[in-house]
Amino acid sequence: MSSASAGGGARAILCAGIIVLDEVFRVDRFPQPDAKTQAQSFFIVNGGCAANAAVAVARLGGRVLAALAREEIDCTGCQRLSGVATALSAIFIDARGDRMIVTHHDDRLAAATPADPARLVACADAVVADNRFPEFVRPICVAARARGLTVVLDADRPTQMSDELFRIATHVVFSSECLRATTGLDDLGAALAAIAGTTPSFLAVTQGPRDVLWREGATLRQSPVFAVEAIDTLGAGDVFHGAFALALAEGRDVVAALRFAAAAAGLKCTRLGGSMAAPRRAEVEALLAAT
């Protein structure tokens, strides 16, 4: 449930949160109730916010401290629970690249806590964490802040506006669904303003093919995304968070980091395969240079 790797001068990013086994069905259109649907293709891939972010960071040239040895990601910090199965998702991707997801996990996963948060963050340059298992990631984020590290929170699970993770993280990036459900507000700008009343952290919200919204002081800003022909949006938000955290750790300012993350997420959407379709560093830099 957490992540890291070795070598060189690359920034080390600790990815903390959920790992899932994704079973993906590609269909023309989403299944209807009481109907059978023939899938065009099927594949199984590692998924989950933290695991997907780790793959993105590794491919973008960062050192990653999660699970997935073939991506040269250090798995030593991953905590294993005896007798508890990995969380599972059944995912349908339609012809437009949109997805429908059904998930299941053992409740014992939600009660897990990290054995040694200080050790996990000791070699990290930044942390990206999702809020799917808050009891697990909270001590890691606290330990990271104690070291003065950047902590990017992937606010993916609806919660309460008073959630302390919003105050612990230095940067909170919501999905539009999570932000609306958490605040009860449809207007995303107003929703960010409401959250801003509870935390001094940097706040932003992604909204798929539409511009990223973020707050600079009391001002609502927009960061453009890239126009792409999407065939698979699975994992794009996780790629965004991983790329954003890496860019901040490398010293980019918020504007440049958002742009870098949007390019990485946009490229991921142009190919099938969930996070395994995350782009390489050279591809992202080429897209940024071309635009």
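The values are calculated or read from the model by the stated rules, or taken from the named source; none is laboratory data. Given the structure is predicted, the values throughout are model-derived calculations rather than measurements. FYI the Cβ positions are ideal-geometry reconstructions off the backbone, even for glycines, and counts take in every protein chain you see. These area figures cover heavy atoms from the full protein model, side chains too; ligands, DNA and RNA do not enter into them. Shrake-Rupley method; radii C 1.70, N 1.55, O 1.52, S 1.80 Å.
Per Stokes-Einstein, at 4 °C and 1.567 mPa s, what whole-number D in µm² s⁻¹ belongs to region 39-180, with the Kirkwood radius over Cα pairs as the hydrodynamic radius? Walk me through the numbers on the way to the answer.
Values: Rh = 16.5 Å.
It comes out at roughly 79 µm²/s.
Given 25 °C and 0.890 mPa s, how large is the Stokes-Einstein diffusion coefficient of region 124-166 in µm²/s, with Rh as the Kirkwood radius over Cα pairs? If you can, show how the numbers build up before the last one.
Numbers: Rh = 10.6 Å.
Once the numbers are plugged in, D ends up at 232 µm²/s.
Could you work out what % of the accessible surface of the chain is carbon and sulfur, using a 1.4 angstrom probe and leaving DNA, RNA and ligands out of the count?
Details: 6500 of 12710 Å².
Looking at the chain in its full context, I get 51 percent from C and S.
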Legend entry - Beta bridge orientation in the chain: antiparallel %, DSSP, nearest 5: 45 percent
Inset, instruction - Would you mind listing how long the chain runs along its three principal axes, going by Cα atoms, in whole Å with the largest first? - result: 53, 47, 40
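Whole number please: convex hull volume per residue, Cα atoms of region 137-291, in Å³.
Values: hull volume 17.6 nm³, N = 155.
Given the Cα convex hull of region 137-291, per-residue volume reads 113 Å³.
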Legend entry - Cα gyration tensor category, rounded, prolate or oblate, for region 84-147 with a/c compared to 1.5: oblate
Legend entry - Cβ-based net charge around G17, under 9 Å, with every Lys or Arg adding one and every Asp or Glu removing one: -2
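At 0.36 nm per residue, minus the direct Cα-Cα distance, what do A90 and V142 gain on full extension? Give it in nm, one decimal, please. Numbers along the way, then the final one.
On the way: separation 52, 0.36 × 52 = 18.72 nm, distance 3.28 nm.
Taking A90 through V142 to full extension adds about 15.4 nm, to one decimal.
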Legend entry - Mean Cβ count within 10 Å, highest first, over the residues of peptides 138-146, 238-246, 22-30: 238-246, 138-146, 22-30
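Counting only other residues whose beta carbon sits under 12 Å from that of T182, what net charge do I get with K and R as +1, D and E as -1?
Details: positive: R157, R180; negative: D156, D163, E177.
Local net charge: -1.
If I take all pairs of Cα atoms in region 158-233, what percentage of them are more than 21 Å from each other? List each step's numbers first, then the result.
Working: 680 of 2850 pairs.
When all Cα pairs of region 158-233 are counted, 24 percent exceed 21 Å.
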Legend entry - Heavy-atom surface of region 70-228, accessible at 1.4 Å and reported per residue (Å²): 49 Å²
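What ranking of D125, D154 comes out by heavy-atom accessible area, probe 1.4 Å, highest first? Spell out each step's value before the answer.
Values: D125 55, D154 10 Å².
Largest accessible area first, the residues go D125, D154.
Region 102-222: percent of C-alpha pairs farther apart than 20 Å?
Values: 3144 of 7260 pairs.
Tail of the P(r) past 20 Å holds 43 percent of the pairs.
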Legend entry - Label-to-label distance, nm, for residues given as V255 and T198 (7 Å Cα→Cβ offset): 3.0 nm
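Seen from all sides and averaged, what is the projected area of the convex hull of the Cα atoms in region 199-291, in nm²?
Numbers: hull surface 24.2 nm².
For region 199-291, the mean projected area of the Cα convex hull comes to 6.0 nm².
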